[in-house]
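K.L.:
I'd like to ask some things about the structure below.
FYI, it's all coordinate maths here, none of it is from the lab. If you're wondering where the values come from, they're calculated on a predicted model, not measured in any experiment. Glycine also receives a Cβ, built like all others from the backbone with ideal geometry; neighbour counts cover every protein chain displayed.
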Amino acid sequence: MLVLPEGAGLGVRRGLLKSLLNTESAHLGSMLDFMEVTPDNWIGTSGAATRQLHQLTERFPFFAHGLSLSLGGTDPLDVEFIAQLKSFLSLHNIHCYSEHLSYCSADGHLYDLMPIPFTEEAVKNSAARIRQVQDVLGRRIAIENVSYYAAPFQELSEIDFVNAVIKEADCDLLLDVNNVYVNSINHGYDPEKFIAALPCDRVAYLHIAGHYVEAEDLCVDTHAAEVCDPVWELLAFTYQHTGIKPTLLERDFNFPPIEVLLAEVQKIRDIQHVEKSRVS
Amino acid sequence: MSVEKPCNLREQQLLFANHLRNPRDFAAPAGIEERRMRIYRHLFFGNISNVLATTFPVIRSIMNEEQWEALVRDFYATHRCETPLFPYIAGELAEYLLHERDSDADYPFLGELAWYEWSEIALRHSDETMPTCWPMVFRFPVHRIGVGYLPQQAPATATYLLMYRRCDEQIKFMESSAATFRLLQLLDDKTLPTLQDVCEQLAVEMQHQDILSLQTMVQDTLQQLLQAGVINNS
């Protein structure tokens with residue numbers, strides 16, 4: 001497994017660029033161990049914002065987190081796009097590249113994440129595509145457990161599906177702790193049992209985010225709110241299972257002042273610190 | 001519409017995706033709680049609608065809520081998007097409005113306006129050296145369209161625009177003429193390596209007898225464009 005920067009980080013969004021660059025570099029460096037960028041939002045762009053992104057990737061360790069690869073899909077893999085990704089990862093010195101265990105295209109792109117049917121056929125399909133991407137990129141990638149609101153054509157449990165894909169694709173896992181929580185509410189399972197059943201040696205890094213509670217049994221993974229207490233508790237539990245892993249805060253909408261986000265990132269570090277003292 | 005039980009992954013995924021693209025004509029996969037399918041419909045449509053509203057501010061501003069929703073719904077239902085890159089989704093809508101959409105209820109300039117708005121984004125991201133100038137011609141004066149000007153008929157004469165990216169990365173446009181439009185096209189023509197070649201070709205096309213006066217006009221025009229930062233020296 002590749003060695004990644006430790007600690008806690010923040011996902012870079014266009015709407016956060018200015019405030020990140022306006023924050024004093026040393027302060028930012030002391031608050032963030034790494035950042036993450038979505039290549040699909042930046043490949044083929046130029047201009048001021050693109051230069052600002054470069055300023056950040058030159059100064060900080062970066063991960064990349066894709067949206068459009070459609071690893072679980074059945075449209076042909078976009079080889080031109082994978083080549084663009086490869087250049088992007090090299091240009092920005094990306095430590096780890098992750099994508100969703102999902103599909104976003106079926107006879108064309110829909111630009112959002114659909115739930116892969118949890119079936120044997122889909123395990124084979126996703127694993128073959130992940131392997132192909134890993135071959136072309138020349139590196140192992142991490143796949144993210146996604147939030148889902150419905151499980152169409154389900155034959156396997158989610159945990160069996162995810163584990164089978166990781167095993168068959170020989171890839172890493174980006175464990176999204178908020179997604180586990182949201183899914184445990186939406187599909188009525190025990191989030192701790194789910195996490196305990198994941199292969200901890202394959203967990204490359206973690207995501208954490210806020211969600212929206214639509215009903216008692218229905219949460220929507222919006223990335224538009226602060227992280228809630230049960231998810232913080234689940235993060236602490238996760239560290240007990242996987243060991244301390246680099247953990248990234250995702251915020252896509254309703255941006256608060258940057259200091260509020262940095263304080264939330266600090267909370268990740270605090271939990272990591274508690275786990276460190278617990279183990280030692 | 002009746003739905004056969006899909007037997008393979010491809011069919012299962014198309015069933016799910018087609019419902020999200022076009023819920024009116026394609027039923028949701030059987031056995032999924034409506035409340036949950038609604039979340040998907042809401043997320044997917046909201047996402048694409050937001051992306052397009054941000055990238056087509058003029059088109060969005062001249063439509064009411066209902067018209068805009070109908071437009072995005074028809075685009076999402078019928079157009080097959082190829083780009084995986086989010087900044088390029090705008091090009092998919094422009095393509096659809098210019099070449100695929102067929103609606104009598106639309107403003108007659110809608111396709112051209114979409115192309116104009118998309119070109120501004122495409123020029124911003126163009127990897128050509130700066131300054132960069134794209135000569136464009138439209139049936140409608142697309143640069144003047146807005147809530148206060150919604151022409152139902154194209155004027156008698158075409159609209160020639162130079163859209164350009166200055167050295168400071170600002171995207172600007174300038175009204176131009178058929179002659180300047182053609183001049184800039186010819187300057188880009190690799191089979192005409194010298195300014196002399198370009199002037200000779202222009203003289204033929206414009207049936208201009210006095211090549212010397214044409215050359216002076218061309219040089220004046222280029223000087224003006226150079227000073228305005230529309231073109232560079234090369």
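K.L.:
Please compute the net charge surrounding residue B:9, taking Lys and Arg as +1 and Asp and Glu as -1 over other residues with Cβ under 12 Å from its Cβ.
P.N.:
-2
K.L.:
In whole Hz, what ³J(HN,Hα) sequence does segment A:151-167 give by Karplus (6.51, -1.76, 1.60; θ = phi - 60°), x for Gly and Pro?
P.N.:
10, x, 6, 5, 10, 10, 6, 4, 5, 5, 5, 4, 5, 5, 5, 4, 5
K.L.:
With +1 on the Cβ of every Lys and Arg and -1 on the Cβ of every Asp and Glu, and nothing else charged, how large is the dipole of segment B:119-234 about its Cα centre, in debye rounded to the nearest 20?
P.N.:
440 debye
K.L.:
When DSSP assigns beta bridges and you keep just the ones with both residues in segment A:131-280, what percent turn out antiparallel, to the nearest 5?
P.N.:
Counting only bridges with both partners in segment A:131-280, antiparallel ones make up about 20 percent.
K.L.:
Taking 0.36 nm per residue of separation and subtracting the Cα-Cα distance, what length does fully extending residue A:197 through residue A:79 add?
P.N.:
Net length gain for the segment: 39.1 nm.
K.L.:
Taking neighbour Cβ counts within 10 Å as the exposure measure, how do A:219, A:228, B:167 sort from fewest upward?
P.N.:
By the 10 Å Cβ count, ascending: B:167, A:228, A:219.
K.L.:
If you add up the charges near residue B:229, with Lys and Arg at +1 and Asp and Glu at -1, over every other residue whose beta carbon is less than 11 angstrom from its beta carbon, what do you get?
P.N.:
+2
K.L.:
Follow-up question, since we're still on this one. In what order do A:104, B:7 fall by count of nearby beta-carbon atoms within 10 Å, going from fewest to most?
P.N.:
B:7, A:104
K.L.:
Sequence-distant or interchain residues sharing an amide H contact under 5 Å with residue A:65, placed H: which?
P.N.:
Under 5 Å from the amide H of residue A:65 lie the amide H atoms of A:37, A:38, A:98, each far enough along the sequence or on another chain.
K.L.:
At a 10 Å Cβ-Cβ cut-off, how would you order A:189, A:181, B:107, fewest neighbours first?
P.N.:
Ranked by crowding around the Cβ, least crowded first: A:189, B:107, A:181.
K.L.:
With respect to the cross-link table entries A:167/A:276; A:124/A:167; A:86/A:245; A:167/A:245, which display a Cα-Cα separation exceeding 22 Å?
P.N.:
Violating the 22 Å limit, Cα to Cα: A:167/A:276; A:86/A:245.
K.L.:
So how many Å³ per residue does the convex hull of the Cα atoms of the protein assembly as shown work out to?
P.N.:
In the protein assembly as shown, the Cα convex hull volume per residue is 176 Å³.
K.L.:
Work through the residues other than residue B:77 whose Cβ is under 9 Å from its Cβ and net out their charges, Lys, Arg +1 and Asp, Glu -1.
P.N.:
+1
K.L.:
If you don't mind, another one. Kindly write out, for segment A:22-39 in residue order, the coupling ³J(HN,Hα) from the Karplus curve 6.51 cos²θ - 1.76 cosθ + 1.60 (θ = phi - 60°), rounded to whole Hz, with x marking Gly and Pro.
P.N.:
Going residue by residue, I get 7, 7, 4, 4, 5, 5, 4, x, 7, 9, 10, 7, 7, 10, 9, 9, 9, x Hz, with x marking Gly and Pro.
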